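Single-structure report; data block below.
The values are calculated or read from the model by the stated rules, or taken from the named source; none is laboratory data. These numbers were taken from a predicted model, which means no experiment stands behind them. Counting neighbours? That spans all protein chains shown, and the Cβs are built from the backbone with ideal geometry, glycine included.
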Amino acid sequence: MEPNQNRGTLIVTGAAGWLGRAVCAQAQAAGFAVVALDRTFGAGGPWDHAIEADIGRDGVEVLGEDPRVAEAGALIHCAGYAHRPIETPEEVERFYSINRDGTARVLALAKRAGIARVVYLSSIAFYDWSQGTDFDENSPLARPTAYAASKLDGERLWTESGLDWRVARLGTVFGTGDRANFSKLAGALARGRFVVPGRGSARKSVLPVELAAELLVELSQLAAPPHRLLNLALPHTPTLAEICAAYVAQCGFTSPREVPLPLLRMAALAGDGIALAKKNFPLTSINIRKLTTSTTVQVERMQEVFPHRQWGTFDTWLARSAEFYQRVG
């Protein structure tokens, strides 16, 4: 899309969050007037109007009557409550309140405002990794966690909405502003506290935040995409060892040691007990299982929807955010 042209109004929920803010910035750069919705806002951001709205509570639907919302041609639903290592009862309730019930409220808002085209940020968390990997959009789905179940419920509300919907299942997002998995990895590598389990051969589907924002804005504007449900991730799926090597090359971190997997699993059994008393203790059986399980998806649909794009690799994209991850470390 060509920048600096008036392309109308775009609504972004969860706009003050990491990915939501990136989507707003990309939309503004592409010439859209951005109306940002979020529970709270701090300083200003890349939007034209900021509206405080808590989708976890009833009443947000009436914003569909706000003239700034009603003139929008599309809505991108970034708001959500992200997964947690341990799901407490309070967090489980919040998952459903925001990811399922909040999604229903956003759909009601869109219908009330007459916004026909809507994009939902979904997840690859509900693919059944116990049954394999390299899943496409028709692969079996599971509900292994409350987070995954709530996101899947939200997705189904979207696809049954009767609106011109699009659903993007995102791989693991990384880049400047990250406070999640890759940020934690960078910190552990910088402090010499990360070891590679075995050969580090598990592959991961990953997605740079800048690319995610570009694709989501473009997806919101396509009149008739060949697919409306698609995985978004880089076609090249790096191994854990390749991911670590990229951080070493781009950020100057020390190369982590490889530890035989049987030995690491034995140590993790002891770590499981420590984790009961020490919150967020890293060496647990669950974390070892995550690091050694490939979580990759097929992206042929994405490539058909965006046929002329050059995708790059994890290493080339990481170079853009190397300074950020150096600070994190």
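Only one of these is crowded, with 16+ Cβ neighbours inside 10 Å, farther than 23 Å from LEU189 by Cα, among the aliphatic types (A, V, I, L, M) and modelled with pLDDT of 95 or more: LEU230, LEU240. Name it. Before you say what the answer is, go through the steps one by one.
On the way: LEU240 fails: farther than 23 Å from LEU189 by Cα.
None of the others qualify; the one that does is LEU230.
Of the residues LYS111, LYS151, which single one is touching a residue at least 12 places away in the same chain (Cβ under 8 Å) and either surrounded by fewer than 22 Cβ atoms within 10 Å (Cβ to Cβ) or not in a helix (DSSP H, G or I) (or both)? It would help to see each step written out before you state the result.
Working: LYS151 fails: either surrounded by fewer than 22 Cβ atoms within 10 Å (Cβ to Cβ) or not in a helix (DSSP H, G or I) (or both).
That would be LYS111, the only listed residue that is touching a residue at least 12 places away in the same chain (Cβ under 8 Å) and either surrounded by fewer than 22 Cβ atoms within 10 Å (Cβ to Cβ) or not in a helix (DSSP H, G or I) (or both).
Inspection of region 22-31 finds a residue satisfying the criterion of being buried (at least 18 other Cβ atoms within 10 Å of the Cβ), small (Gly, Ala, Ser), at pLDDT 95 or above and in a loop (DSSP other than H, G, I, E, B).
One residue is enough: does region 173-180 have a residue meeting the conditions in contact with a Leu (Cβ under 7 Å, 6 or more places away or on another chain), at pLDDT 95 or above and under 29 Å from PHE324 (Cα atoms)?
Of region 173-180, the ones in contact with a Leu (Cβ under 7 Å, 6 or more places away or on another chain) are 173.
Subsequent filtering for residues that are at pLDDT 95 or above retains 173.
Then keep just the ones that are under 29 Å from PHE324 (Cα atoms); that gives 173.
Checked region 173-180: at least one residue is in contact with a Leu (Cβ under 7 Å, 6 or more places away or on another chain), at pLDDT 95 or above and under 29 Å from PHE324 (Cα atoms).
Can ILE76 be described as within 25 Å of GLY31 (Cβ to Cβ), modelled with pLDDT of 90 or more and of a type in the set (Val, Ile, Thr)? It is true that ILE76 is within 25 Å of GLY31 (Cβ to Cβ), modelled with pLDDT of 90 or more and of a type in the set (Val, Ile, Thr).
All conditions but one from (1) surrounded by 19 or more Cβ atoms within 10 Å (Cβ to Cβ); (2) in the same structural domain as LEU189 (by TED's automatic domain parsing); (3) assigned to a helix (DSSP H, G or I) apply to MET302; the one that does not is (2). Mind listing whichever residues of region 295-315 are under 18 Å from SER139 (Cβ atoms) and in contact with a helix residue (DSSP H, G or I) (Cβ under 8 Å, 6 or more places away or on another chain)? Result: THR295, MET302.
Looking only at residues in region 200-228 that are of a type in the set (A, V, I, L, M) and in a loop (DSSP other than H, G, I, E, B), the one that is farthest from ASP164 (Cα to Cα) is ALA202.
Between PHE253, PHE314, which is crowded, with 16+ Cβ neighbours inside 10 Å, in contact with a Pro (Cβ under 8 Å, 6 or more places away or on another chain) and outside the structural domain of GLU87 (by TED's automatic domain parsing)? So that I can check it myself, show each step before the final result.
Details: PHE253 fails: in contact with a Pro (Cβ under 8 Å, 6 or more places away or on another chain).
When all the criteria are applied, what remains is PHE314.
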